[in-house]
Amino acid sequence: MAISAVTPKTGLSETTPRAGARTWLALAVLMLPVLLVSVDNTVLSFAIPAISLALTPSASELLWTIDIYPLVLAALLVPMGSMADRFGRRKLLLIGSTGFAVVSVFAAFAPNAGALIGYRALLGLFGAMLMPSTLSLIRNLFLHPGQRRKAIAIWAAGFSGGAALGPIVGGFILEHFWWGAVFLMSVPVLIPLLILAPIFVPESKDPAPGKIDAASILLSFGAMVPTIFGIKEIAQSGLSVLNVVLIVVGIGLGALFVRRQLRRVNPMMDVTLFRNPVFSGSVSANLLSIFSLVGFLYFITQHLQLVVGLSPTNAAYVLVPGLALTIVSGLVAASLANRFRQSWLVAGGLFLNATAFLIVALNTDGSVIGIMVAFLVLGAGVGTAETISNDLILSAAPPAKAGAASAISETAYEVGSVLGTAVLGSILAASYRLNIVVPAGVSEVAANTASQTLGGAIDVAATLPAPQGAALLESAKHAFDSGSSTVALVSMALMLGAALMCLRALRSAVANPEPADH
């Protein structure tokens, strides 16, 4: 990470201050919203079966319940980052925290799937206020390069570890409470943030901010929503003129957004950063790494509970070793970056992701041990690729554009989260519908419910005579696992392609030794 007024031997400014205990306490406070937002991306993974049974959503509603939060979050991260620069990063952090806590309470008592989707959208709005502030504040708090790299490694580990922690926390909560309790957990997390942030986190803002660009905000949101919706609907209902038009409209609005940013003196998003292959390659690695993690969790958590029959808590225990390795590998990767080429580390992480999906595909009997091993390998890959790609994103951008780089990094994370469930979840749903066989004699309404989701099939089977119910359950579980194998093979191919891409795009990123932090 570049810093002005450096000495030729060490690359450090002679007057660069080192962070003290108070600054590290500020980092601990800032990790609260990081963990909360990343946990909230995946916490519903274990609540899917309970929500399916309680609210009886359609397959599309079930996917939207998960996708709407990161979709809104991703679409608004850059606009909210601009507002944070203008009005104050800590101020927006506190406003977002308050709104997030209040809406979480309403979401916990949502009466139907439509209301829950609406509350999740509002959580995405307030979550977008939380995230842009954290990395920008960290960069202002840690001026010493070695300390800053360590702080960013902790931040990245919180992101990837939080995503993996979501199902574990959700599993424990669901074992003792109803599904709505997964939303209430944000309240005890945000209360300490509201108390401690004004004490330990200093306010910072851009002294000369640009104007808020309402047109760019609308274009960024308009580009993402129809594109993701079109992808989801193609997998749900097949190729149609409407679905293709939606994707074309989204891509068109995205092109207009890029064109507007290139023409503005102070753009909302500095898209010229993508001309740097290290930057664009790292953003892609960041996105695909989270894509693999969230997609993996989407179908594995359902398999553990609905196919294997584990309780939420026992299913969560299967993922604990992988969660621990995700965090550890992220922290270790920060040290390895001083000794090895970052391109090797990022590509190695993505290759581990591919290996994890191969293990799932080969684990034809769906054994719990096989799933645990696969998640261990995935955790090592995600922790490594996520940490190094974030560091490369920030170091590849000029210091004056660090804020834009951090916003793009966070947006890539959220887009990866959206696509993980939208693409892989849609492939799983389509494969499930193609393979499930509903026994004769089942009503059309019940057959349609059973053909939508595995949870729906379990619900319908409970109302049927024993022979019919057993036949439906066997067929539904087989169809789900068949779809999971298809998803695993597709994901493996994507991760292998991404690893090769990173080796090429990041070949100019070499080992970047920095002085020890002592």
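The values are calculated or read from the model by the stated rules, or taken from the named source; none is laboratory data. The model shown is predicted, which means the values in this text are computed figures rather than measured ones. A quick note on method: Cβ atoms are made from the backbone with ideal geometry, for glycine too, and the neighbour counts reach across all protein chains shown. Accessible surface areas use protein heavy atoms only, side chains included; no ligands, DNA or RNA. Shrake-Rupley method; radii C 1.70, N 1.55, O 1.52, S 1.80 Å.
Residues in segment 459-474 that are closer than 13 Å to VAL442 by Cβ, free of Cβ contacts under 8 Å to residues at least 60 places away in the same chain and not hydrophobic (A, V, I, L, M, F, W, C): THR463, PRO465, PRO467, GLN468, GLY469. So, of the residues in segment 464-486 that are in contact with a helix residue (DSSP H, G or I) (Cβ under 7 Å, 6 or more places away or on another chain) and among the hydrophobic types (A, V, I, L, M, F, W, C), which turns out to be farthest from ASN435 (Cα to Cα)? The extreme case among them is LEU464. All of ALA446, ALA471 fail the test of being over 19 Å from HIS303 (Cβ atoms) and open to solvent by less than 30 Å² (accessible area, probe 1.4 Å), apart from ALA446. Summed over segment 474-492, the residues that are under 24 Å from LEU419 (Cα atoms) and either open to solvent by 60 Å² or more (accessible area, probe 1.4 Å) or not in a helix (DSSP H, G or I) (or both) give a count of 1.
Any residue that is more than 19 Å from TYR317 (Cα to Cα), small (Gly, Ala, Ser) and open to solvent by 10 Å² or more (accessible area, probe 1.4 Å) - is there at least one of those in segment 422-429? Yes, segment 422-429 contains a residue that is more than 19 Å from TYR317 (Cα to Cα), small (Gly, Ala, Ser) and open to solvent by 10 Å² or more (accessible area, probe 1.4 Å).
Residues checked against (1) out of contact with any helix residue (DSSP H, G or I) (no Cβ under 6 Å at 6 or more places or on another chain); (2) of a type in the set (Gly, Ala, Ser):
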site: ARG275; (1), (2): yes, no
site: SER292; (1), (2): no, yes
site: PRO312; (1), (2): no, no
site: ALA324; (1), (2): yes, yes
site: ASN338; (1), (2): yes, no
site: ARG341; (1), (2): yes, no
site: PHE351; (1), (2): no, no
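If I filter segment 377-391 for residues that are over 30 Å from ARG507 (Cα atoms), open to solvent by less than 10 Å² (accessible area, probe 1.4 Å) and at pLDDT 85 or above, do I get at least one hit? No, the conditions are met nowhere in segment 377-391.
Check segment 393-412 and report whether any residue there is closer than 26 Å to GLY171 by Cα, in contact with a Gly (Cβ under 9 Å, 6 or more places away or on another chain) and open to solvent by 20 Å² or more (accessible area, probe 1.4 Å). No, there is no match, as no residue in segment 393-412 is closer than 26 Å to GLY171 by Cα, in contact with a Gly (Cβ under 9 Å, 6 or more places away or on another chain) and open to solvent by 20 Å² or more (accessible area, probe 1.4 Å). Taken over segment 299-321, the residue count meeting the criterion of being open to solvent by less than 20 Å² (accessible area, probe 1.4 Å) and modelled with pLDDT of 80 or more is 9. Taken together, SER204, SER186 contain a single residue that is modelled with pLDDT under 85 and more than 30 Å from ALA110 (Cα to Cα), which is SER204. Determine whether segment 338-355 contains at least one residue that is in a helix (DSSP H, G or I) and free of Cβ contacts under 8 Å to residues at least 12 places away in the same chain. Checked segment 338-355: no residue is in a helix (DSSP H, G or I) and free of Cβ contacts under 8 Å to residues at least 12 places away in the same chain.
Determine, yes or no, whether THR364 is among the polar types (S, T, N, Q) and more than 19 Å from MET492 (Cα to Cα). Answer is no for this residue. Among residues of segment 55-93 being basic (Lys, Arg) and at pLDDT 80 or above, the one that is surrounded by the fewest Cβ atoms within 10 Å (Cβ to Cβ) is LYS91. Inclusion of ALA324 among residues that are in contact (Cβ under 8 Å) with a residue 24 or more places away in the chain, closer than 24 Å to MET501 by Cα and either open to solvent by 10 Å² or more (accessible area, probe 1.4 Å) or in contact with a Lys or Arg (Cβ under 9 Å, 6 or more places away or on another chain) (or both) is not warranted. Here MET269 meets the list (1) more than 22 Å from the chain's Cα centre (by Cα); (2) outside any helix (DSSP H, G or I); (3) under 16 Å from ILE408 (Cβ atoms) almost entirely, failing just condition (1). Condition test on ILE247, is it part of a helix (DSSP H, G or I) and either out of contact with any strand residue (DSSP E or B) (no Cβ under 8 Å at 6 or more places or on another chain) or loosely packed, with under 14 Cβ neighbours inside 10 Å (or both)? For ILE247, the condition - part of a helix (DSSP H, G or I) and either out of contact with any strand residue (DSSP E or B) (no Cβ under 8 Å at 6 or more places or on another chain) or loosely packed, with under 14 Cβ neighbours inside 10 Å (or both) - is met.
Selection of segment 114-124 for residues being open to solvent by 10 Å² or more (accessible area, probe 1.4 Å) and touching a helix residue (DSSP H, G or I) at 6+ places or on another chain (Cβ under 6 Å) yields ILE117, TYR119, ALA121, LEU122. For segment 190-220, residues that are surrounded by fewer than 18 Cβ atoms within 10 Å (Cβ to Cβ), in contact (Cβ under 8 Å) with a residue 40 or more places away in the chain and not in a loop (DSSP other than H, G, I, E, B) total 7. Within segment 150-181, the residues that satisfy the criterion of being at pLDDT 85 or above and either among the β-branched types (Val, Ile, Thr) or closer than 28 Å to GLY416 by Cβ (or both) are TRP179, GLY180, ALA181. Give the residue that is nearest to LEU288 (Cα to Cα), with candidates limited to residues of segment 499-515 that are modelled with pLDDT under 55 and open to solvent by 50 Å² or more (accessible area, probe 1.4 Å). So, considering only residues that are modelled with pLDDT under 55 and open to solvent by 50 Å² or more (accessible area, probe 1.4 Å), the one nearest to LEU288 (Cα to Cα) is VAL510.
Scanning segment 177-188 for residues that are open to solvent by 50 Å² or more (accessible area, probe 1.4 Å), in contact (Cβ under 8 Å) with a residue 40 or more places away in the chain and part of a helix (DSSP H, G or I) gives a single hit, LEU184.
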